[in-house]
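Everything on this sheet refers to the single structure shown next.
The values are calculated or read from the model by the stated rules, or taken from the named source; none is laboratory data. A quick note: this is a predicted structure, and the numbers were derived from the prediction, not measured. Because the Cβ atoms are built from the backbone with ideal geometry, glycine has one as well, and the counts that use them run over all protein chains shown.
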Amino acid sequence: MDFYLVIIIALAVLATADLVVGVSNDAVNFLNSAIGSKAISFKTVMIIASLGVAAGAIFSSGLMEVARKGIFNPELFYFDEIMVIFMAVMLTDILLLDFFNTLGLPTSTTVSIVFELLGAAVAISLVKIYMGGASESLMEFINVSKASQIVFGILLSVFIAFTVGAVVQYVSRLILTFNFKDNPKWIGAIFGGIAMTAITYFILAKGIKGTPFADNTYAFLGGMSLKEYIATQSYNVIGISLVLWTSLSMLGVYLFRTDNYKSIIIVGTFSLALAFAGNDLVNFIGVPIAAWQSFEAWKASGVSAELFNMAFLSAKVSTPTFLLIVAGMIMVATLWFSTKAQEVLKTSIDLSRQERTQERFDSNALSRGLVRAFAGSMRSIEAISPSGLKEKVKARFTPPKSQRYTNPKDEPAFDNVRASINLTVAAVLISIATSYKLPLSTTYVTFMVAMGTSLADRAWGADSAVYRVAGVLNVIGGWFLTALTAFTACGIVAVLIYAGKLPALLGMFAVTVFILLKNYKKHKNKLTESKRERDLKISSSSSVQSLILESAKDVSKVISKCNDIYLGSINGLAKQNAEELRKCKKDVFRLGKEIDKLRNELFYFIQELEEENVKASHFYISLISILEDMAQSLEYITKASYKHVHNNHRQLKYSQIKELKETQADLEGLLSDVRFAFDIGGYEALATFADKKDELFANIDEKINQQVQRTRSKEEKSPKNTTLFFGLMVETKDLIVAPINLIEHYHLHYDPTVAPKKLGNGQKKDK
C-alpha cells in the first residue's frame, strides 16, 4: 500500500480521536460557570452548550488557521516532508491532550498544536540541513517570533485574566453583596445590561469573526463588511447594545420578574461554546484536512513526493462544509458522553468552590510562601484601615446562611453573581485581545478569571488557600509543560517516521492506540472504583439513631475491604508477589482517604446538628477514631510486607506462612461475623465477640511464643523475618480489637425503641 495513502487513512482516524480528546479538555471553557453555579439544570446547560458548539462548527469558515500562522514556511518543504510533519503532529497531539485529560487538568489546544508543528518542523529542517539537502538556515525554515508570541500569551493570559477577574469580582461583590436577590431591581437590571453588552460584543468580535458572512458587505452598514464595521465602529456597537440590553433587562425585571443573572449565564455559556467551536475546531481537524488536500494536489501533479513543493499551503486552506458538520456532531456527542471532560471540569470547579470541598492538591513550598506573603500584606493593609470601613467591607462579603443538601452534588460551588462575572470578564478580555491581535488563550483566560474571582470572593480561606494556590500552580505549570513536551515529543516522532517510513509509522500508530486504550482502561477503573460506596454517608443524619442506621451498612463494607486487604497482604507475602502487595498499599491509601473525608466533614456535621441531637457528634467522633485505628494497622501491615518483598529479603519459613494464614483465617471469621452483625443490626451479641477476641489473642500469643522459640533455638536465622513476623502479629491484635470496639460502640448507642430522626423532606434544610 502507498505510504502516503496509509498516512491519510491514519490521519482520518486520528482526526476523530483528536476531536474527542480536544473537546474533553476545552469543554471547561464554557461549562464551568453554568455547572458550578447550578443556576440551570445540567441537562439544560448541556443543551445550550451543544447548540453553541453546533452553531459554531456549522458557521465556521473552516479556515486552516494553524497552517497559515507562520509557524514554518511551507514553500521550503516538499510533500514527503510535510506529510511526516502532519502525521507526527496528530500522533503527539492526541497523546498529549489525552494525558492532561486523564490527569483532569485543562490545557490549551492551540498551544499544543502550534508547538507540535514547530517541533516537527524544526526536527525535519535540521535533518534537511544535516543531510545537505538545504542551503537555508534554520531561522529561514521557522518563524521563531510565533513561538515567542505563544509563550508571551501564556504569561499575559495568566496575569491579566487573574487580576481583572479578581478586581471586577471584588467591586461587584461590594455593590451586590452575597444577598444580591434583596437588592433593588434596577441594580440587577443595570448589571444585566452591562454583562449582556459585553457578551454580545464578544459574539460579534470573536464568534462571528470566523463565519463566511463576516467578510460580506452590507448596505445598512454603509457598504462595510461586518468584520470591518465591528473593528471601526466598536463604540457604536457597544453603545447601542448597552441601551438595548439595559432596557430589556429593566422590562424583564419589572414586568416579567426574570432572573437577569440566570439569563447572563445562559447567553454567556452559548456564546463561549459558539466561539470555541468556530475558532478552535481547526485545531483538531485542520492538520488532517491540510494533509488530505496536499495529497490530492500531489496526486494531480504527477511529480514525485520528494520534488513536489508545498507552497500552496501558504494560502487559505478551507474545510468542506460537510466535514464541519460531521466534526460538530462528534464534538456535541463528546460533550454528552466524555467522562474525562467531567474530570477536567471538576478540577476547575473545585479550585473555585465557595463552600467546603475535598482538596485535591497537596500544598507545596511555593504555595505556602505565596499564601504567607499575601496574608502578611493583607494584615498590613488591615492595620492601617479604619475599623468602621473594615466592618462594612466584612459585612458585604459575609455569605448568607447556607443550605444543607442531602446530596452534595446538588450544592452549587458558587453563586450566580460570580458565574456571571466569570463569563462576562472572560468574554470582554477575549474580545479585547481579538481586537488588538493579542495572543491570549481562551482556556487560560477562562480558567484564570475563575481563579481570580474565587480569590476576591474569599473562597480561598485560611483552611484552603495553600491547597487552592498549589492547584493553580500545578495547572499553570502544566501549560508550560504542554509547550515543552509538544515541541520535544513531536520532533522525536517526526524524525522516527521520516527515517523509518512505513514500519515506523505503523509502529508509532500502534503505540498510540495502545496508550489510548491503556489510559481509557485506567480511567474506567478509576471511575468504577470511585462509584463503589465504601465511605460513611452521614450527610442526612440529625440524631444518633439516624446515624447508626445510615452508617451501619457502609461500615460493613469498610470491614469487608479491610478483610480483602489483609488477605491480599498475607497471600502476597507468601507468594513473594510485590505487585499484589503494591495493590494492597493502594487500597489502604484509598481507605485512608475515605476516612479523611469523614474527618473533614466533622466540623460541618457538628455545626448543623440541632441542640437535642448533640450526642450524635460524640458517636461520630468515636466512630472515626476506630476506623482510623483499623486503617493505621492495615497501613503498617501492607507497608512492612511490601518493603520485605520489594527489598528481596529472605522468604518467610513455611511454618511462619502457615501460622500467618491461620491467623488470617481466624480474623476473616471474626470480620465476617462482625459484618453480619452490622448488616442485621445485631449489636446485642457483644459477649460472644468478646469471647472470640480472647480466643484469637490466645492463638496469636501462642504463635508469637513459637517464633521466640525458633529464634532462641537458632532455627530462625533471619532478623528481618523475625521483625516482620512479630510486627504483623502485634498489628493483627489491634486489627482484632477495632471491629469489636465498633460493635461495642454501636451496642452502647443503639436504641431500637427510638425512631430515627431525618432531615425534613430529604432534600435540603436551612441551617
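So Glu228 passes all but one of these: (1) assigned to a helix (DSSP H, G or I); (2) farther than 30 Å from Pro320 by Cα. Which condition number does it fail?
(2)
Listed here are the residues, each with its yes/no results for (1) more than 29 Å from Val6 (Cβ to Cβ); (2) among the charged types (D, E, K, R); (3) at pLDDT below 90; (4) buried (at least 23 other Cβ atoms within 10 Å of the Cβ).
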residue	(1), (2), (3), (4)
Ile40	yes, no, yes, no
Ala55	yes, no, yes, no
Glu65	no, yes, yes, no
Tyr78	no, no, yes, no
Phe100	no, no, yes, yes
Thr107	yes, no, yes, yes
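What's the number of the condition Ser112 fails, among (1) surrounded by fewer than 23 Cβ atoms within 10 Å (Cβ to Cβ); (2) in contact (Cβ under 8 Å) with a residue 40 or more places away in the chain?
(1)
Only one of these is of a type in the set (S, T, N, Q), in a helix (DSSP H, G or I) and within 26 Å of Asp457 (Cα to Cα): Ser172, Ser148, Ser112. Name it. Steps first, answer last, please.
Details: Ser148 fails: within 26 Å of Asp457 (Cα to Cα); Ser112 fails: within 26 Å of Asp457 (Cα to Cα).
Going through Ser172, Ser148, Ser112 in turn, the sole match is Ser172.
So which of Ile194, Ile203 ends up being touching a helix residue (DSSP H, G or I) at 6+ places or on another chain (Cβ under 8 Å), under 26 Å from Pro412 (Cα atoms) and surrounded by 13 or more Cβ atoms within 10 Å (Cβ to Cβ)? Break it down into steps so the answer makes sense when it comes.
Working: Ile203 fails: under 26 Å from Pro412 (Cα atoms).
Sole residue among the options that is touching a helix residue (DSSP H, G or I) at 6+ places or on another chain (Cβ under 8 Å), under 26 Å from Pro412 (Cα atoms) and surrounded by 13 or more Cβ atoms within 10 Å (Cβ to Cβ): Ile194.
Tell me which residues, restricted to segment 1-53, are among the aromatic types (Phe, Trp, Tyr) and within 18 Å of Thr442 (Cβ to Cβ). Full working, then the answer.
Narrowing segment 1-53 to residues among the aromatic types (Phe, Trp, Tyr): 3-4, 30, 42.
Phe30 - this is the single residue of segment 1-53 that is among the aromatic types (Phe, Trp, Tyr) and within 18 Å of Thr442 (Cβ to Cβ).
Checking the condition over 34 Å from the mean Cα position of the chain (by Cα), in a helix (DSSP H, G or I) and of a type in the set (A, V, I, L, M), which residue from Ala300, Ala333, Ala273 passes? Give the steps one after another, and end with the answer.
Working: Ala333 fails: over 34 Å from the mean Cα position of the chain (by Cα); Ala273 fails: over 34 Å from the mean Cα position of the chain (by Cα).
Within the list Ala300, Ala333, Ala273, the selection yields Ala300.
Output yes when any residue across segment 223-241 is touching a residue at least 40 places away in the same chain (Cβ under 8 Å) and of a type in the set (Phe, Trp, Tyr), and no when none is.
Kept after step one, since they are touching a residue at least 40 places away in the same chain (Cβ under 8 Å), are these residues of segment 223-241: 231, 234, 238, 241.
Now narrow it down to the ones that are of a type in the set (Phe, Trp, Tyr): none.
No, that holds for no residue.
Could you list, in sequence order, all residues of segment 1-24 that are within 20 Å of Val332 (Cβ to Cβ) and in contact with a Pro (Cβ under 6 Å, 6 or more places away or on another chain)?
Passing the criteria: only Ala15.
Quick one: which residue in Ser633, Ser641, Ser713, Ser672 is under 17 Å from Tyr566 (Cβ atoms), surrounded by fewer than 15 Cβ atoms within 10 Å (Cβ to Cβ) and not hydrophobic (A, V, I, L, M, F, W, C)? Before the answer, list the steps.
Numbers: Ser633 fails: surrounded by fewer than 15 Cβ atoms within 10 Å (Cβ to Cβ); Ser641 fails: surrounded by fewer than 15 Cβ atoms within 10 Å (Cβ to Cβ); Ser713 fails: under 17 Å from Tyr566 (Cβ atoms).
Selected residue: Ser672, the only one of Ser633, Ser641, Ser713, Ser672 that is under 17 Å from Tyr566 (Cβ atoms), surrounded by fewer than 15 Cβ atoms within 10 Å (Cβ to Cβ) and not hydrophobic (A, V, I, L, M, F, W, C).
Find the residue count for segment 249-264, including only residues that are within 29 Å of Asn32 (Cα to Cα) and either in contact (Cβ under 8 Å) with a residue 24 or more places away in the chain or acidic (Asp, Glu) (or both).
So the count comes out to 10.
Inspect all residues belonging to segment 651-660 and state whether any of them is in contact with a helix residue (DSSP H, G or I) (Cβ under 7 Å, 6 or more places away or on another chain), surrounded by fewer than 17 Cβ atoms within 10 Å (Cβ to Cβ) and not aliphatic (A, V, I, L, M).
no
The rows are residues; the columns are (1) farther than 20 Å from Ser560 by Cα; (2) assigned to a helix (DSSP H, G or I); (3) at pLDDT below 85.
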residue: Lys717; (1), (2), (3): yes, no, yes
residue: Thr723; (1), (2), (3): yes, yes, no
residue: Gly727; (1), (2), (3): yes, yes, no
residue: Ile743; (1), (2), (3): no, yes, yes
residue: Pro752; (1), (2), (3): yes, no, yes
residue: Ala755; (1), (2), (3): yes, no, yes
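Can you work out which of the residues in segment 577-635 that are under 23 Å from Ile740 (Cα atoms) and among the acidic types (Asp, Glu) is modelled with the highest pLDDT?
Among them, the one singled out is Glu635.
Taking the condition part of a helix (DSSP H, G or I), buried (at least 23 other Cβ atoms within 10 Å of the Cβ) and at pLDDT below 90, does Ala483 pass? First the steps, then the outcome.
Details: part of a helix (DSSP H, G or I): yes; buried (at least 23 other Cβ atoms within 10 Å of the Cβ): no; at pLDDT below 90: yes.
When the stated conditions are applied, Ala483 does not pass them.
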